[in-house]
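Data first, discussion second: the structure below is written as structure tokens.
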Amino acid sequence: MEQTDPSRLLEALLLVFGQPLAIKRIVQILPLEVAGVRRIIESLNAEYDSSNRSFRIQEVAGGYQLVTHPVFAPWIRKALQNPRPDSVSAATMETLAIIAYRQPITKAEVEAIRGVDISASIDTLLERQFIRTAGRKETPGRPFLYATTPQFLWHFGLASIESLPRMELPVIPEPTAEEMSLSSAPAHPDGS
């Protein structure tokens, strides 16, 4: 294969991949070190800025991706405004936000915050691959823990979970074993 400019090769790779390409994968493909890849990305972004291009290379979900410049967001949003059958409800988005900020978290903990059953929201988020089961909590019943996925980061254009805007989180007390048993105990036959 003839020697090709690494900048052009990197652009071609990022153009072909519809999702973020991890830097480890880039250095497996291109004859470059990590620092060299980062220098090329900086150089390409400077070139794109100086020539007033509508796109740039951005770190997203632990990889790099070609993205449109934020200034074009209103027009892109308008172009994509067709009703999407795969959009999620506001309730599901609230559930996702709680999981993103409090992960790993159990279904019961999310329900304590929301005050409603979230079974349908959990099913939707698992199906869309925005969340995953992240093990089990070491409490009675060993409930599943939920956490976000790289698909969540990619969909929302985040480099990492630490990229989420900072917010003050309320402290939710963990129910004791006694409270758990009281809430699941059958009612007394006399109604008490």
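What nm value, rounded to one decimal, do you get for the distance between F144 and N45 when each label is placed 7 Å out toward the C-beta?
3.7
Any lysines with Cα under 22 Å of the K137 Cα? List them, leaving off those in the same chain fewer than 8 positions away.
Straight-line reach from K137, under 22 Å: K107.
With each run of n ≥ 4 DSSP H residues scored as -39500 (n - 2.57), what mean residue ellipticity at 222 nm is computed for the chain after dividing by its residue count and rounding to the nearest 500 deg cm²/dmol?
Calculated from helices alone, the mean residue ellipticity at 222 nm is -13000 deg cm²/dmol.
Add +1 for every Lys or Arg and -1 for every Asp or Glu among the other residues with Cβ under 14 Å from the Cβ of T148, and state the total. Present the calculation step by step, with values, prior to reporting the outcome.
Values: positive: R102, R128, R132; negative: E162.
Charge balance in the 14 Å sphere: +2.
Find the accessible area per residue for the chain; the probe is 1.4 Å, ligands and nucleic acids are left out, and the unit is Å².
I get 68 Å² per residue for the chain.
For the range 1-138, what relative contact order do you get, as a whole percent, if you take Cα pairs closer than 8 Å and at least 6 residues apart? Could you put the intermediate results ahead of the total?
Values: 97 pairs, mean separation 23.0, N = 138.
Taking the mean separation of contacting Cα pairs over the length of the range 1-138, I get 17 percent.
Carbon and sulfur together cover what percent of the accessible area of the chain at a 1.4 Å probe radius?
56
Taking amide H positions as placed 1.01 Å from N in the peptide plane, with prolines and chain starts having none, which residues 5 or more places from A22, or on another chain, fall under 5 Å of its amide H?
Residues meeting the amide H criterion: Y64.
The values are calculated or read from the model by the stated rules, or taken from the named source; none is laboratory data. Because the structure is predicted, anything quoted here is derived from the model rather than measured. Because the Cβ atoms are built from the backbone with ideal geometry, glycine has one as well, and the counts that use them run over all protein chains shown. Note: areas computed on protein heavy atoms with side chains; ligands, DNA, RNA excluded. Shrake-Rupley method; radii C 1.70, N 1.55, O 1.52, S 1.80 Å.
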